[in-house]
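> My questions will all concern the structure given below.
The values are calculated or read from the model by the stated rules, or taken from the named source; none is laboratory data. Because the structure is predicted, anything quoted here is derived from the model rather than measured. Note: ideal-geometry Cβ built from the backbone for every residue, glycine included; neighbour counts use all protein chains shown.
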Ligand SMILES: C[S@@+](CC[C@H](N)C(=O)[O-])C[C@H]1O[C@@H](n2cnc3c(N)ncnc32)[C@H](O)[C@@H]1O
């Protein structure tokens, strides 16, 4: 037992992937979907009022009349996708949470919305279609390693028509500077987000070099120990532009977020609109 605990608590090398995939864990994916759908919770998705403001702004920035075919990369349960569809975009959503995609499909059907959803890893997507516009919203880009960020930029580029646009957001260096290293623990007697039965959670928040942080979540339950790694890479305007340009994109404009606020280096997020 001691060896197992020591192993899950070890600080992993940069961008090491968790052995346990939590997106499709039966219990965790249920909690994740609940978090996505809670309009007041800023966790899996942003709060509903932000999402509404965001969709209104995006629809003016890259209007459906000029850019009808929209690809939502990491669409979750389709909260943005549905609103885009109601705003006359022809929407395709891709996500590798089976539960989110199943919910999204049922929800679209119940509302009579024609949205194509794919349960798939976006790092290997090959949709045999070219889009006018792609979105990757809620800082998922920064959750990827340097290698995977290069892959997703390339994948999105390949899936766009010439002149197609790509809007994404990331966390900024101001957020990195605000990130506190710490270790905490808690006993969850009645279960919780990570397990339906009693468990102990040990959290390790670490800063790595190159503007990267790790939230290491170690779960000790009756029958197993599991470590989950949540990585984040933070950006300045310059580092984000550099990665986008290295992938062949032309930079249209940098914003403070995906709701159109102005860029400021002290904001916790920044968003970028790119063109192929
Ligand atoms: C932070 S959530 C944002 C969801 C949605 N964009 C929103 O704002 O409501 C990130 C989403 O990306 C999905 N995701 C993460 N890695 C993925 C991958 N490699 N392939 C497909 N989807 C992925 C997750 O399942 C999750 O739904």
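> Of everything in segment 8-24, what is free of Cβ contacts under 8 Å to residues at least 12 places away in the same chain and more than 12 Å from the ligand (Cβ to nearest atom)? Give them in sequence order.
Looking only at segment 8-24, we keep the residues that are free of Cβ contacts under 8 Å to residues at least 12 places away in the same chain, and these are 10, 13, 21.
Once the filter is applied, which keeps residues that are free of Cβ contacts under 8 Å to residues at least 12 places away in the same chain and more than 12 Å from the ligand (Cβ to nearest atom), segment 8-24 yields 10, 13.
> For residues that are near the ligand (Cβ under 9 Å from one of its atoms), under 21 Å from residue 22 (Cβ atoms) and surrounded by 23 or more Cβ atoms within 10 Å (Cβ to Cβ), tally how many sit in segment 98-135.
Looking only at that region, the number is 2.
> If you don't mind, another one. In this structure, is residue 65 more than 16 Å from the ligand (Cβ to nearest atom), more than 17 Å from residue 140 (Cα to Cα) and not assigned by TED's automatic domain parsing to the domain that holds residue 218?
Numbers: more than 16 Å from the ligand (Cβ to nearest atom): yes; more than 17 Å from residue 140 (Cα to Cα): yes; not assigned by TED's automatic domain parsing to the domain that holds residue 218: yes.
Judged against the criteria, residue 65 is a match.
> Which ones in segment 57-73 are surrounded by fewer than 22 Cβ atoms within 10 Å (Cβ to Cβ), more than 16 Å from residue 161 (Cα to Cα) and touching a helix residue (DSSP H, G or I) at 6+ places or on another chain (Cβ under 9 Å)?
Selection gives 59 alone.
> Just checking, does segment 153-160 include any residue being part of a strand (DSSP E or B), more than 10 Å from the ligand (Cβ to nearest atom) and farther than 14 Å from residue 215 by Cα? Quick ask: steps written out before the conclusion?
Start the filter on segment 153-160 by keeping residues that are part of a strand (DSSP E or B), which leaves 160.
Remaining after also requiring more than 10 Å from the ligand (Cβ to nearest atom): 160.
Restricting the remaining residues to those that are farther than 14 Å from residue 215 by Cα gives 160.
Looking for residues that are part of a strand (DSSP E or B), more than 10 Å from the ligand (Cβ to nearest atom) and farther than 14 Å from residue 215 by Cα, one finds at least one in segment 153-160, hence yes.
> In this structure, does residue 245 turn out to be assigned to a loop (DSSP other than H, G, I, E, B) and surrounded by fewer than 16 Cβ atoms within 10 Å (Cβ to Cβ)? Break it down stepwise before answering.
Working: assigned to a loop (DSSP other than H, G, I, E, B): no; surrounded by fewer than 16 Cβ atoms within 10 Å (Cβ to Cβ): yes.
Criteria not met by residue 245.
> Just give me the residues in segment 83-97 being within 10 Å of the ligand (Cβ to nearest atom) and touching a residue at least 40 places away in the same chain (Cβ under 8 Å), in sequence order.
Restricting attention to segment 83-97, the residues satisfying the condition of being within 10 Å of the ligand (Cβ to nearest atom) are 93-97.
Within segment 83-97, 96, 97 qualify.
> While we're here: Hey, does segment 185-200 have a residue that's within 20 Å of the chain's Cα centre (by Cα) and either in a loop (DSSP other than H, G, I, E, B) or under 28 Å from residue 133 (Cα atoms) (or both)?
Initially, segment 185-200 is screened for residues within 20 Å of the chain's Cα centre (by Cα), giving 193-194.
Now narrow it down to the ones that are either in a loop (DSSP other than H, G, I, E, B) or under 28 Å from residue 133 (Cα atoms) (or both): 193-194.
Within segment 185-200 (the criterion being within 20 Å of the chain's Cα centre (by Cα) and either in a loop (DSSP other than H, G, I, E, B) or under 28 Å from residue 133 (Cα atoms) (or both)), the answer is yes, since at least one residue qualifies.
> Something else about it: Consider residue 134 carefully, then state whether it is outside the structural domain of residue 6 (by TED's automatic domain parsing) and out of contact with any helix residue (DSSP H, G or I) (no Cβ under 8 Å at 6 or more places or on another chain). Outline the logic, then answer.
On the way: outside the structural domain of residue 6 (by TED's automatic domain parsing): yes; out of contact with any helix residue (DSSP H, G or I) (no Cβ under 8 Å at 6 or more places or on another chain): no.
Taking the combined requirement at face value, the residue does not satisfy it.
> Let me ask something else. Out of (1) closer than 30 Å to residue 22 by Cα; (2) assigned to a loop (DSSP other than H, G, I, E, B), what's the single condition that is false for residue 265?
Condition (1) is where residue 265 drops out.
> Identify the single condition in (1) in contact with a strand residue (DSSP E or B) (Cβ under 7 Å, 6 or more places away or on another chain); (2) touching a residue at least 60 places away in the same chain (Cβ under 8 Å); (3) farther than 15 Å from residue 44 by Cβ that residue 116 does not satisfy, given that it satisfies every other one.
Looking at each condition in turn, residue 116 falls short on (2).
> Do you know which residues across segment 31-54 are surrounded by 13 or more Cβ atoms within 10 Å (Cβ to Cβ), away from the ligand (no atom under 11 Å from the Cβ) and assigned to a helix (DSSP H, G or I)?
Result: 31, 34, 52, 53.
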